[in-house]
Every structure is written in C-alpha cells, then in structure tokens.
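The values are calculated or read from the model by the stated rules, or taken from the named source; none is laboratory data. Everything numeric here is computed off the predicted structure, so don't read it as measured data. Every residue, glycine as well, gets a Cβ built from its backbone with ideal geometry; the counts of neighbours run over all protein chains shown.
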Amino acid sequence: MNKKVFMRLLVIFIIIGIVIGICYLINTSKNELIDNSTFEIKFNYEPGTKVTKVLDKNETDKYDYNIYTYEGSVDIVINGEIIPFREALLGNKITIDEILEKAEKNKTPIDSSNPGKENWAMCKDGGSMEYYYDDYTILKCQKLDGNRDFYIGSPIRLLLDQVL
C-alpha cells in the first residue's frame, strides 16, 4: 500500500472516530448518564389494589409486553433519588432487562439439602420466572400462549397464580 492511500485511510478513520465521539456526547447529554447498577426497587404495599398496568406495550417501542404491579406501587431509587416506576422506565433511568439481570445475579443456588429455600422459581408454563425478595416478588412471564408480561407484586410465592 502506498503512502498516499495509507494517509487517506488514516484521515477517514480519524473523521469517523470524531463523528462517533460527537454522536456519543450528544446522546449522553440528552439522556443523563446514571449508574443504574446500584438501583433499588421500593415496593409500596397497597392491599386490595390487585393488578395495575404501569406501562402498555403500545406506549413505547422498548417493550413488546405489558408491565404491571400487583397489590401496590413501585418506585425506583437511584443515587438516593426516588423515581416512580413508570417515569423511570419512560425516562430511560432503568430498563426491565436491568431489573431482570440484577434478579438473575441475586439468585441463590439450588441446595438439595435445603429444598424450597431458593429465592426464585421457574414455572412449568413455558419458562416464566419468579424472583422472591423480602418486600416484593418479580414475575417475568414466558408462557406457551405468548404472554411475556412483567409484574412486580407483593412478596408472595407463585405470584403467577395470583395475577393470571
């Protein structure tokens, strides 16, 4: 490769790098960069409220399923700031994938000497997952009928039986 061609390619790569950097800066200034790795879910128990739709799948192109709460409301706490669940989702402060990733990381291993003490369960309906915490339960549906909805609800086991 001759020197002229090499220099032209080098200039093109530098320009591409600058454009990518500018696009990144513009994007991050629009969507505040927040360290979501330390978020907390704050479940506000409200007996008698049953199922409440937080976000319909038709309201955003981010999710192809509905998002609900059961017997309460949810706030997300990031860096001490309390954000209503719906606002946190629509404002790109948190995603359902981030919530599920954290739940997967928090799973206790199966212990055959102490059965039933796991903080999660896979339902035999196609793969729905429940994650159990002291204050709430997370349910991500993966049913054979196509239901992929997401729930955060009161701290009961087998939330799936309660909401569907």
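Does LYS143 qualify as being surrounded by 13 or more Cβ atoms within 10 Å (Cβ to Cβ), in contact (Cβ under 8 Å) with a residue 12 or more places away in the chain, more than 25 Å from ASN58 (Cα to Cα) and charged (D, E, K, R)? No. The single condition among (1) closer than 21 Å to THR38 by Cα; (2) modelled with pLDDT of 95 or more; (3) not charged (D, E, K, R) that ASN66 does not meet is (1). Among the residues of the range 126-138, is there at least one that is closer than 18 Å to THR38 by Cβ, modelled with pLDDT of 90 or more and among the aliphatic types (A, V, I, L, M)? So far as the range 126-138 goes, yes, one or more of its residues are closer than 18 Å to THR38 by Cβ, modelled with pLDDT of 90 or more and among the aliphatic types (A, V, I, L, M). You will find that of LEU89, LEU160, the residue that is at pLDDT below 95 and surrounded by 15 or more Cβ atoms within 10 Å (Cβ to Cβ) is LEU160 and no other. Being touching a residue at least 12 places away in the same chain (Cβ under 8 Å) and in contact with an Asp or Glu (Cβ under 9 Å, 6 or more places away or on another chain) is the filter; apply it to the range 96-112 and report the residue that is nearest to ILE138 (Cα to Cα). Applying the filter and picking the extreme gives LYS107.
Within the range 55-75, being assigned to a strand (DSSP E or B) and closer than 16 Å to ASP97 by Cα holds for LEU55, ILE67, TYR68.
For the range 9-38, a residue qualifies if it is surrounded by 10 or more Cβ atoms within 10 Å (Cβ to Cβ), modelled with pLDDT under 55 and either on the phi > 0 side of the Ramachandran plot or not hydrophobic (A, V, I, L, M, F, W, C) (or both), and the qualifying residues are THR28, ASN31, ASN36.
Going residue by residue through the range 77-89, is there one that turns out to be of a type in the set (Val, Ile, Thr), in contact with a helix residue (DSSP H, G or I) (Cβ under 8 Å, 6 or more places away or on another chain), at negative phi and free of Cβ contacts under 8 Å to residues at least 24 places away in the same chain? Checked the range 77-89: no residue is of a type in the set (Val, Ile, Thr), in contact with a helix residue (DSSP H, G or I) (Cβ under 8 Å, 6 or more places away or on another chain), at negative phi and free of Cβ contacts under 8 Å to residues at least 24 places away in the same chain.
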